[in-house]
Amino acid sequence: MKKRILAYGRLNDDQLAQLGHDFEVLNFPGLASADDPAFRSALPDAHGLIGASLAITPQLLDEAPHLEAIATISVGYDNYPVDALTRRGILLCNTPDVLTETTADTGFLLIMAAARRAVELAEWVKRGDWQAGIGPERFGSDVHGKTLGMIGFGRIGAAVARRGALGFGMRVLYSNASPKPELEAELGAEHHEMDALLSESDFICVTVPLNADTEHLIGEREFALMKPSAIFVNISRGKVVNEAALIEALEMGRIRAAGLDVFEQEPLSPESPLPHMTNVVALPHIGSATHETRTAMAQRAVDNLILALRGERPISLVNDAAWRSV
Ligand code: NAP
C-alpha cells in the first residue's frame with residue numbers, strides 16, 4: 001500500500017503529480033485550520049504532511065501514529081513542536097536558502113519605504129494633495145551611509161546586511177547568538193552587544209527566529225535605548241517584538257518609524273492602530289512571496305518529503321536527532 005501524504009500548502013500540478021507518483025496524496029488546498037474534519041479524519045493514516053502556516057500540536061501528533069515526516073514550506077518552524085517530533089522520530093524538514101534573497105529584498109524594501117515615507121507620500125498623491133512642491137515636513141531620511149543594526153545575523157540577516165554594506169555604503173553592526181568572523185571580513189560588520197547596537201543604529205532590522213529565547217526580545221526597554229530618529233524593521237516573526245511597546249514607542253515619538261512584515265496576530269486585527277499610523281509601513285507577511293520563490297520553496301518541500309518517505313536524508317532537516325533515531 002502506498003504511503004499517504006496530506007498536502008495543505010500551495011503546490012502546483014507538477015508538484016502534486018511528483019508526490020502522487022509514489023504516494024497517495026490527499027490535497028487540502030487553502031486549509032486554514034487543523035480542526036477541519038476531513039483533514040482530521042485523514043490524519044490517522046498519514047505518513048507525511050506538507051504545507052505551511054498550520055500550527056501542529058503534540059495532540060495532533062497523537063492522532064497520527066504513522067507519521068514519518070513533515071515538510072514545512074517555510075524556513076521558520078515556530079509552528080512545530082520540535083522536541084515532540086524528535087521524541088517520536090518524525091523528521092521535520094524546512095526550506096532555507098531558496099527564500100533568503102527574496103526575504104532580504106523585503107527587508108530592504110521596508111528600510112527604504114519607511115525612511116523615504118514612500119507609502120505615506122504615495123497616499124498623499126493619491127488623495128490629490130500634491131498641489132505644490134513638498135517642504136521639509138515631508139522630507140525623509142537618507143539610507144546610504146547610515147548605520148544598520150542587524151539583530152540576528154544568519155542567512156537572511158547577512159543578505160540584508162550585504163545590501164546595506166555593498167549597495168548603500170552602510171556601516172553594519174550585528175548582534176547574534178554566535179560571532180560571524182567571515183561576515184565581519186566580507187562586510188566590515190561589527191559584533192555588538194544588543195544594547196550598544198540599539199543605541200548606535202539608525203536602522204534596526206530583526207531577523208532572528210522565534211523561539212523561547214527570542215519571544216518579546218524587543219520591548220519597552222529596547223525601544224527606549226534606540227535613537228529618536230531610529231527606524232525599526234521586523235521581517236522575522238511578530239512575537240519577537242512586544243507590539244504594545246512598539247505602538248507606544250511610535251506614538252510617543254521614541255522612534256521615528258517602523259517597517260513591519262510580521263505581527264503578533266496575523267492577519268492583523270482590524271483594531272490594530274499600526275496600519276493607520278503614517279510612520280508605519282505594514283505589509284501582509286510577504287517576505288518570501290514572489291512567484292519564483294514560493295515555487296522554489298514548495299519544490300524544496302516536495303523534494304524533502306519524497307526523500308524522507310523513501311528513507312533517505314532530506315535536503316533540509318531541522319531535527320537531526322530524529323534522523324539518527326530512524
Ligand atoms: P538562520 O540562518 O538560522 O538565522 C537566524 C540567526 O539568528 C542565526 O544567525 C542565529 O544565530 C540567530 N539567533 C538565533 N537565536 C538567537 C538569539 N536568541 N539571539 C541572537 N541571535 C539569535 O535563519 P534565516 O534563514 O536567516 O531565517 C531567520 C528567520 O526569518 C526565520 O526563522 C523566520 O522566522 C524568518 N523569516 C521570515 C520571513 C517572512 O516572510 N517575513 C521569510 C523567511 C524567514 P547562530 O548563527 O549562532 O545560530
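Available extension along the chain between I247 and I134 is 37.9 nm, counting 0.36 nm per residue and deducting the alpha carbon span.
Can you give the local net charge around E222? Use residues other than it whose beta-carbon is closer than 15 angstrom to its beta-carbon, Lys and Arg +1, Asp and Glu -1. Net of charged neighbours comes to -4. When DSSP beta bridges are restricted to pairs lying wholly in the chain, around 5% turn out antiparallel.
The helix-only estimate of mean residue ellipticity at 222 nm for the chain, built from DSSP H runs of length n ≥ 4 each weighted as -39500 (n - 2.57), is -10000 deg cm²/dmol after division by the residue total.
The share of accessible area on segment 1-66 that comes from carbon and sulfur is 52 percent, using a 1.4 angstrom probe.
Straightening the chain between A118 and A38 buys 24.3 nm, computed as 0.36 nm per residue apart minus the Cα-Cα spacing. Note on the chain: GNM, Cα springs under 10 Å; of I204, I231, I247, the largest mean-square fluctuation is that of I247. With the highest mean first, a sort of the peptides 267-277, 16-26 on other beta-carbon atoms found within 10 angstrom per residue produces 16-26, 267-277.
Taking a Cβ cut-off of under 14 Å around G107, the surrounding Lys, Arg, Asp and Glu residues balance to a net charge of +1, with basic ones at +1 and acidic ones at -1.
Only the Cβ atoms of Lys and Arg (+1) and of Asp and Glu (-1) were treated as charged; on that basis the dipole of segment 100-282 about its Cα centre amounts to roughly 520 debye. For the peptides 146-153, 254-261, 278-285, 130-137, the ranking by mean Cβ contacts within 10 Å, running from highest to lowest, is 146-153, 254-261, 278-285, 130-137. The gain in end-to-end length when the E312 to H21 segment is fully stretched comes to 103.1 nm, 0.36 nm per residue minus the alpha carbon separation. For the peptides 315-322, 233-240, 113-120, 38-45, the ranking by mean Cβ contacts within 10 Å, running from highest to lowest, is 233-240, 113-120, 315-322, 38-45.
Looking at segment 72-148, the accessible area is 50 square angstrom per residue; that uses a 1.4 Å probe and ignores ligands, DNA and RNA.
Using a probe radius of 1.4 angstrom, the carbon and sulfur fraction of the accessible surface of segment 198-288 is 52%. In segment 1-146, Cα pairs under 8 Å separated by at least six residues give a relative contact order of 17 percent. Over every Cα atom in the chain, the radius of gyration and the widest Cα-Cα span, Dmax, amount to 21.6, 73 Å. Net charge within 12 Å of G152 by Cβ-Cβ distance, Lys/Arg positive one each and Asp/Glu negative one each, not counting G152 itself? The answer is +2.
Only Cα pairs under 8 Å and 6+ residues apart enter the sum, and on that basis the relative contact order of the chain stands at 20 percent. A crude spin-label estimate for the pair A55 and D213, with each label 7 Å from Cα along the Cβ direction, gives 2.4 nm.
With r defined as the distance between the Cβ atoms of T290 and A196 and R0 fixed at 56 Å, what FRET efficiency is calculated, to the nearest 0.05? Efficiency, rounded to the nearest 0.05: 0.95.
The values are calculated or read from the model by the stated rules, or taken from the named source; none is laboratory data. Since we're looking at a predicted model, the values are computed, not measured. Positions of Cβ are generated from backbone atoms using ideal geometry, with glycine treated the same way; all protein chains shown enter the neighbour counts. Only protein heavy atoms, including side chains, enter the accessible area calculation; ligands, DNA and RNA are left aside. Shrake-Rupley method; radii C 1.70, N 1.55, O 1.52, S 1.80 Å.
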